[in-house]
């Protein structure tokens with residue numbers, strides 16, 4: 001390749017700078033302290049290339065390099081990304097600190113310029129909340145410095161959108177990663193969906209998780225493993241555990257199968273965490289996922305180590321031929337069985353009794369190359385499969401067999417008779433078969449010894465004249481034993497391309513098709529068409545009785561009569577309550593509710609669009625202007641309004657408006673139809689306000705149980721904190737900045753009063769210090785207002801505020817043509 005590159009440069013009359021070549025390899029186990037020697041590449045000489053060799057000094061695997069704008073690290077460490085993020089934040093803070101910018105301007109630059117850059121660098125990397133907090137320390141310090149806040153100023157007020165609005169890096173990255181994962185799972189391209197399923201299967205197989213990774217509630221067991229830290233999807237799912245949000249399978253189909261494996265009691269729930277992680281590779285090789293794989297057929301006892309070694313998995317001896325119980329088995333036995341009870345399980349681990357079989361067969365894993373046996377197993381259709389052993393691959397627990405067939409399924413009560421098979425689709429050519437048999441086999445393929453049993457027969461050897469082999473057992477005798485043994489290890493995820501590359505199942509019915517809205521379709525005349533009118537209504541928005549109705553009118557326009565009508569009540573009241581609860585945390589306004597319903601309407605139409613494509617309909621959407629006299633549109637509107645009070649209007653099922661998604665977002669077991677990123681942002685804002693209210697300054701809020709007694713008007717509070725007077729000769733920009741700082745310090749009880757300084761700096765301020773003006777009172781906030789020495793100054797300040805407020809009220813009264821005298825008289829009567 002380098003030779004071709006040199007010839008290309010020669011054709012274009014250019015040359016390469018070999019000093020800029022980057023060579024990285026995981027084969028060279030280099031460290032940052034070792035001596036790195038250059039690697040020489042010998043090139044092929046030609047008429048266009050006269051360079052015989054090139055020397056390139058390789059980078060250490062711990063170093064990072066950039067290729068096409070993306071940074072790579074062969075070691076897979078997060079440290080280089082962490083250093084990049086911290087470096088970007090520090091350089092940003094260093095550049096803006098000497099600039100004459102206000103706090104709001106710094107926040108704007110950080111949110112608009114730096115956050116997209118950090119998001120790009122961390123698009124496939126997860127950092128903990130502590131790492132993000134440490135990386136952005138310089139940004140918080142800069143904002144507090146520009147706003148003249150102290151370093152101990154509470155951080156939640158920085159992140160609230162109603163206050164400074166600084167983006168929290170950790171919360172922002174969770175929003176990005178969860179939104180990306182949601183879009184990936186519901187991507188319109190089948191290839192991306194197959195890749196997502198494949199990645200979930202890999203997570204299952206790598207971490208021995210027998211259920212879907214979307215259903216795992218605690219990732220702490222795997223969070224310290226290097227394989228977990230390098231897995232983007234696993235880290236994203238783990239980051240959601242700290243929130244009420246979960247991703248959930250909406251439905252299962254041929255393209256999005258159920259990933260749950262058969263069995264009960266996953267091993268990681270009944271083993272010590274450190275033992276499970278230490279023995280993960282051993283359990284992985286043994287294909288052990290569930291405790292039920294190690295329970296006897298009676299369901300009450302753990303399989304003994306001797307039985308497990310000889311019956312389930314052979315070749316567990318050491319170099320001296322000894323076989324001791326593995327560490328994982330001893331830990332499992334200690335956690336699941338009663339002491340001195342001969343492997344009797346605790347009641348919580350006992351499973352239901354299995355149907356016992358009177359026939360006991362020896363596992364195929366005990367066979368060797370010397371004693372060739374007849375084996376029985378199951379094919380991919382769970383039908384019995386018979387064959388004569390040829391060669392054994394003990395390290396892989398597989399075996400090549402000669403395929404023989406039987407009609408035991410048609411006569412299960414008769415003894416099994418099988419004959420040579422001419423060939424099937426599973427046939428794999430085995431050229432070395434002549435070494436093991438004198439009769440050339442017609443059909444050979446590979447099977448797993450872990451899923452095979454040795455079958456007794458009347459002929460142990462195949463001869464030229466052998467045309468039929470008989471077993472003393474019938475399929476009815478063996479079916480329970482064979483099927484239970486085969487399925488005992490039939491939980492290994494299938495990563496073959498054939499199981500993933502599946503054509504899109506166009507026959508999957510849309511949930512809308514289950515609704516009775518299209519139940520009365522009639523044949524159309526040539527050139528005619530159906531016409532549909534839809535409408536919705538929303539009532540009681542600011543109350544717990546919020547309700548949404550939806551209607552559908554269907555008619556054949558040429559016929560002039562109704563073909564079908566339907567009215568539905570929207571069944572997401574609990575979801576709306578969750579949205580309103582989050583909104584109420586940050587504001588008393590329900591403005592976000594309307595936005596939520598608009599987004600939900602989009603989800604509903606996405607389901608309708610999928611229904612149209614499934615039924616292969618031709619649709620021409622037309623927007624009808626509301627209340628313009630259109631009879632059918634008005635009729636649909638009246639139906640939507642009647643859905644709120646009609647007992648016959650069914651609830652619109654959740655599957656109808658989420659049918660376009662394979663994976664849906666859940667919030668406290670409530671389906672979220674809105675934009676995941678917007679919903680996550682709203683939740684993080686509510687969390688910041690909760691952190692703010694947990695400060696000692698606002699402890700009184702938790703004493704208010706009645707909403708009517710809730711004396712904090714958050715809308716007025718945020719307006720007062722963010723309000724800035726117009727600049728003039730007497731009130732300049734510097735005055736406005738100090739006024740802005742004073743309001744927030746007053747709001748958070750962060751003014752540098754003596755009583756406050758005694759707590760924060762007890763080494764400098766002793767308890768005996770009093771007000772420096774009157775000398776006889778403790779200087780707290782109330783005394784600052786009522787101090788006899790400061791009263792004239794404070795009265796002048798309050799009088800200035802009152803005059804300004806009254807002038808604004810008079811201006812507003814003139815514009816609204818309302819006399820403000822009554823309001824001014826009421827305000828002037830207040831003692832403050």
Inset, instruction - Go through the residues of the stretch 256-265 one by one and say whether even a single one is modelled with pLDDT under 80, more than 30 Å from residue 482 (Cβ to Cβ) and touching a strand residue (DSSP E or B) at 6+ places or on another chain (Cβ under 8 Å). - result: yes
Legend entry - Any hit, the stretch 374-396, residues being buried (at least 17 other Cβ atoms within 10 Å of the Cβ), modelled with pLDDT under 80, part of a loop (DSSP other than H, G, I, E, B) and assigned by TED's automatic domain parsing to the domain that holds residue 466: no
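Conditions tested, residue by residue: (1) touching a helix residue (DSSP H, G or I) at 6+ places or on another chain (Cβ under 7 Å); (2) surrounded by fewer than 13 Cβ atoms within 10 Å (Cβ to Cβ); (3) modelled with pLDDT of 80 or more.
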residue	(1), (2), (3)
691	yes, no, yes
702	no, yes, no
710	no, yes, no
749	yes, no, no
756	no, no, no
767	yes, yes, no
776	no, yes, no
782	no, yes, no
Inset, instruction - May I ask you to list the residues in the stretch 110-144 that are surrounded by 15 or more Cβ atoms within 10 Å (Cβ to Cβ) and within 23 Å of residue 741 (Cα to Cα)? - result: 110, 136, 138, 139, 140, 142, 143, 144
Legend entry - Qualifying residues in the stretch 166-202 (those that are at pLDDT below 90 and not in a helix (DSSP H, G or I)) - the one farthest from residue 714 (Cα to Cα): 189
Inset, instruction - Look at the stretch 734-747 and say how many of its residues are free of Cβ contacts under 8 Å to residues at least 40 places away in the same chain and out of contact with any helix residue (DSSP H, G or I) (no Cβ under 9 Å at 6 or more places or on another chain). - result: 5
Legend entry - Subset of the stretch 642-687 [under 13 Å from residue 549 (Cβ atoms) and either at pLDDT 80 or above or buried (at least 17 other Cβ atoms within 10 Å of the Cβ) (or both)]: 643, 644, 649, 652
Legend entry - Enumeration of residues in the stretch 273-295 that are under 17 Å from residue 348 (Cβ atoms) and outside any helix (DSSP H, G or I): 290, 295
Inset, instruction - Taking only the stretch 72-127 into account, find how many residues are farther than 20 Å from residue 230 by Cβ and either without any contact (Cβ under 8 Å) to a residue 40 or more places away in the chain or over 24 Å from the mean Cα position of the chain (by Cα) (or both). - result: 31
Inset, instruction - Within the stretch 224-249, work out how many residues are under 13 Å from residue 212 (Cα atoms) and not in a helix (DSSP H, G or I). - result: 4
Legend entry - Single condition residue 512 does not satisfy, out of (1) surrounded by fewer than 16 Cβ atoms within 10 Å (Cβ to Cβ); (2) assigned to a helix (DSSP H, G or I); (3) at pLDDT below 75: (1)
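Tell me which strands (runs of 3 or more DSSP E) are completely within the stretch 1-93 and hold 1 or more residues being at pLDDT 80 or above, or say none if there are none.
Numbers: elements: 39-42, 53-56, 65-67, 70-72.
Ranges flagged: 39-42, 53-56.
The values are calculated or read from the model by the stated rules, or taken from the named source; none is laboratory data. All figures in this text were calculated on a predicted structure; none of them were measured in a lab. Positions of Cβ are generated from backbone atoms using ideal geometry, with glycine treated the same way; all protein chains shown enter the neighbour counts.
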